[in-house]
Amino acid sequence: MSKSETTPNFLVISSIGTDQPGIVNEIAKACSSNQCNIIDSRMTVLGGEFAVIMMVSGNWDAIGKLESTLPALSKKLNLTTTIKHTNARNSAPALAYSVNVVALDNPGIVHDIAQYFSQQNINIDDLQTGTYSAPHTGTQMFNLMMTIRLSADTHIASLREEFMEFCDELNLDAIIEPLRL
């Protein structure tokens, strides 16, 4: 067996289209029938649109077969699909922390928070946002949940204090704590 047959290859698949029952089933079936494994995925409905991004692994032939089936599947499900070959993530020592922010909904909150962590050279691994109506008042509220990756040499107490001061200046309620799995 050659190295290309035993070394896993990775493919990121991103699709978006009108929400309908069966999309997840059809994509998972295509992966399975082509001997590819779904390693990581995120799926959601935004408005009336279904969106999925996933990373699959398989040997070179399996990835190639899956790639060749995706255009017809996308057409059948009326999805816009893009694919990209990738590598396994470099797993340098890091600490995962969760960041949760709640505030009155205002434009620019995501940018402000992303810019803060970017300036600290901190990677954002996962980010989810949403809005909801506050109980009793109906005021539009904003919620952000993210996972950040801190290098092992990060002084966490200082980072937490600086981040909380940053949030206080913007009138954001925030928590930063170790990620609990």
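Points worth noting:
- Scanning segment 41-54 for residues being within 11 Å of the chain's Cα centre (by Cα), open to solvent by less than 70 Å² (accessible area, probe 1.4 Å) and touching a residue at least 12 places away in the same chain (Cβ under 8 Å) gives a total of 3.
- Failed condition for Asn106, given (1) in a strand (DSSP E or B); (2) over 23 Å from Ile16 (Cα atoms): (1)
- Enumeration of residues in segment 62-100 that are of a type in the set (D, E, K, R) and within 30 Å of Met164 (Cβ to Cβ): Arg89
- Checked against the criterion of being out of contact with any helix residue (DSSP H, G or I) (no Cβ under 8 Å at 6 or more places or on another chain), in a loop (DSSP other than H, G, I, E, B), over 30 Å from Met43 (Cβ atoms) and open to solvent by less than 60 Å² (accessible area, probe 1.4 Å), the candidates Thr154, Thr137 yield just one match: Thr154.
Yes/no per residue for (1) at pLDDT 95 or above; (2) touching a strand residue (DSSP E or B) at 6+ places or on another chain (Cβ under 9 Å); (3) in a helix (DSSP H, G or I); (4) not hydrophobic (A, V, I, L, M, F, W, C):
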{"residue": "Val45", "(1), (2), (3), (4)": "yes, yes, no, no"}
{"residue": "Met55", "(1), (2), (3), (4)": "yes, yes, no, no"}
{"residue": "Asp61", "(1), (2), (3), (4)": "yes, no, yes, yes"}
{"residue": "Thr69", "(1), (2), (3), (4)": "yes, no, yes, yes"}
{"residue": "Leu73", "(1), (2), (3), (4)": "yes, yes, yes, no"}
{"residue": "His85", "(1), (2), (3), (4)": "yes, yes, no, yes"}
{"residue": "Ala88", "(1), (2), (3), (4)": "no, yes, no, no"}
{"residue": "Ala92", "(1), (2), (3), (4)": "no, yes, no, no"}
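- Yes/no for Ala103 being surrounded by 16 or more Cβ atoms within 10 Å (Cβ to Cβ) and closer than 23 Å to Leu179 by Cβ: yes
- Residue list for segment 13-40, restricted to those being among the β-branched types (Val, Ile, Thr) and open to solvent by 70 Å² or more (accessible area, probe 1.4 Å): Ile16, Thr18, Ile39
- Residue count, segment 117-138 (criterion: more than 25 Å from Ser91 (Cβ to Cβ) and aromatic (Phe, Trp, Tyr)): 1
- Restricting attention to segment 55-91, the residues that are open to solvent by less than 80 Å² (accessible area, probe 1.4 Å), of a type in the set (Ser, Thr, Tyr) and closer than 19 Å to Asp125 by Cα add up to 1.
- No other residue among Gln128, Gln120 is of a type outside the set (Asp, Glu), open to solvent by 80 Å² or more (accessible area, probe 1.4 Å) and under 21 Å from the mean Cα position of the chain (by Cα) apart from Gln128.
The values are calculated or read from the model by the stated rules, or taken from the named source; none is laboratory data. Quick caveat: nothing in here was measured; it's all calculated off a predicted structure. In this analysis, Cβ positions are derived from the backbone assuming ideal geometry, glycine residues included, and neighbour counts consider all displayed protein chains. The area values use the complete protein model at the heavy-atom level, side chains included, leaving out ligands, DNA and RNA. Shrake-Rupley method; radii C 1.70, N 1.55, O 1.52, S 1.80 Å.
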